[in-house]
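The structure is given below, and queries will be raised subsequently.
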Amino acid sequence: MQTIYADVFFFINMFVDYSLLLCVKRIIHSNTKYNRLLTGAFSGAVFSFTAFLPFNHFPINFLLDTAIAAVMTLISFGYKNKIRFLKTCSVMIVVSFLFTGAMIFFYNAIHPNGMVIINNAVYFNISPVLLIILTLVIYIVLYVFKKLFKNHASSNLVHNLRVYISDKEYKIKSKTDSGCNVKEPFSGDKVIIIEKNVVDCLNNKKMRLIPFNSLGGTGILEGYKADKVYIDDKFINEEVYIGLCEGLFKAEIKGLIPENLIED
């Protein structure tokens with residue numbers, strides 16, 4: 001019978017959960033902070049002790065693993081809306097099952113000394129070789145997922161944007177960005193950023209000054225409230241401001257849409 005030490009079991013599963021959450025972060029292009037991932041991994045390591053509960057039935061284990069994945073997702077990535085949460089939670093579940101499957105295959109193929117899998121929780125007496133193998137498996141899973149979702153994600157990033165301001169229609173090829181969180185300071189309304197030379201002069205429209213903060217520094221955008229906004233012919237049923245910038249975009253992309261405006 002393999003002796004299992006609680007502290008080793010905890011830290012191994014925390015390492016594994018943190019690595020899996022990093023995979024999810026890359027796949028969904030999230031800008032969540034790493035300390036939130038660490039907190040989520042900590043909670044996952046605590047929940048990993050449920051592996052010692054006195055049952056080993058697939059339906060119960062599946063429901064328990066799903067609930068744990070949902071809690072880790074909520075802690076690590078927050079809750080913006082139902083669709084975003086379900087999508088992130090689904091990615092977390094799939095990545096976790098892929099990792100577990102890889103570990104079971106590795107265990108059955110090699111039978112390494114000191115390694116135990118208890119109700120999908122991994123335990124082994126840590127050695128540098130096994131830790132390197134574990135890390136490689138995790139990043140192989142990440143690499144495969146990035147390949148599988150690359151084309152799909154790239155196609156979903158670009159959208160056909162139609163904006164109506166002062167009875168004029170503007171069609172702009174735009175892309176979504178999870179890091180675009182600019183908001184009109186008084187109303188809190190979301191802001192779509194557009195290259196200034198794409199639209200006509202809007203001097204007859206009431207202007208708002210909208211501050212922004214990015215990796216390139218801080219600044220002020222000219223802001224105009226849109227009368228109507230369509231993204232891929234879908235009407236956006238909320239107030240949206242258009243922020244005008246200069247020299248931000250190249251080629252055919254001339255607009256930047258907040259990711260949560262697509263998902264809401």
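The values are calculated or read from the model by the stated rules, or taken from the named source; none is laboratory data. Since this is a predicted model, take the numbers as computed values, not measurements. Note that each Cβ is placed from the backbone with ideal geometry, even for glycine, and that neighbours are counted across all protein chains shown.
What is the residue count in segment 15-27 for residues that are at pLDDT below 85 and either more than 19 Å from I140 (Cβ to Cβ) or among the basic types (K, R) (or both)?
Summing the residues that are at pLDDT below 85 and either more than 19 Å from I140 (Cβ to Cβ) or among the basic types (K, R) (or both) in segment 15-27 gives 1.
Which residues, counting only those in segment 163-178, are surrounded by 13 or more Cβ atoms within 10 Å (Cβ to Cβ) and either in contact (Cβ under 8 Å) with a residue 60 or more places away in the chain or touching a helix residue (DSSP H, G or I) at 6+ places or on another chain (Cβ under 6 Å) (or both)?
Of everything in segment 163-178, those that are surrounded by 13 or more Cβ atoms within 10 Å (Cβ to Cβ) and either in contact (Cβ under 8 Å) with a residue 60 or more places away in the chain or touching a helix residue (DSSP H, G or I) at 6+ places or on another chain (Cβ under 6 Å) (or both) turn out to be V163, Y164, I165, I172, K173, S174, K175, T176, D177, S178.
Right, something else. Can you tell me which residue in segment 29-44 is nearest to K87 (Cα to Cα), limited to those that are modelled with pLDDT under 85 and surrounded by fewer than 20 Cβ atoms within 10 Å (Cβ to Cβ)?
Among those residues, the one meeting the criterion is H29.
I've got another one for you. Scan segment 203-230 residue by residue and report those that are modelled with pLDDT under 75 and either on the phi < 0 side of the Ramachandran plot or surrounded by 13 or more Cβ atoms within 10 Å (Cβ to Cβ) (or both).
Correct list: N203, N204, K205, S214, L215, G216.
Then there is this: Can you name the residue in segment 231-246 that is in contact with a Gly (Cβ under 9 Å, 6 or more places away or on another chain) and of a type in the set (A, V, I, L, M) and, of all such residues, is surrounded by the fewest Cβ atoms within 10 Å (Cβ to Cβ)?
Ranking the qualifying residues of segment 231-246, first place goes to L244.
Now a separate question. Go through segment 82-102 and give me each residue that's modelled with pLDDT under 80 and either crowded, with 19+ Cβ neighbours inside 10 Å or closer than 16 Å to H29 by Cα (or both).
F99
So in segment 247-261, with the set limited to residues that are under 20 Å from K225 (Cβ atoms) and either of a type outside the set (A, V, I, L, M) or out of contact with any Lys or Arg (no Cβ under 9 Å at 6 or more places or on another chain) (or both), which one is surrounded by the fewest Cβ atoms within 10 Å (Cβ to Cβ)?
Among them, the one singled out is N260.
State whether one or more residues within segment 150-165 are at pLDDT 90 or above, in contact with a Leu (Cβ under 8 Å, 6 or more places away or on another chain) and either not in a loop (DSSP other than H, G, I, E, B) or not assigned by TED's automatic domain parsing to the domain that holds I83 (or both).
Checked segment 150-165: no residue is at pLDDT 90 or above, in contact with a Leu (Cβ under 8 Å, 6 or more places away or on another chain) and either not in a loop (DSSP other than H, G, I, E, B) or not assigned by TED's automatic domain parsing to the domain that holds I83 (or both).
Scan segment 176-190 for residues that are of a type in the set (K, R) and over 23 Å from K33 (Cα atoms) and jot them down.
Correct list: empty.
Could you list all residues from segment 51-80 that are at pLDDT below 80 and surrounded by fewer than 17 Cβ atoms within 10 Å (Cβ to Cβ)?
Correct list: F52, L53, P54, F55, N56, H57, F58, P59, I60, N61, F62, K80.
Go through (1) out of contact with any helix residue (DSSP H, G or I) (no Cβ under 7 Å at 6 or more places or on another chain); (2) modelled with pLDDT of 85 or more; (3) basic (K, R); (4) over 27 Å from I27 (Cβ atoms) and name the single condition K234 misses.
(4)
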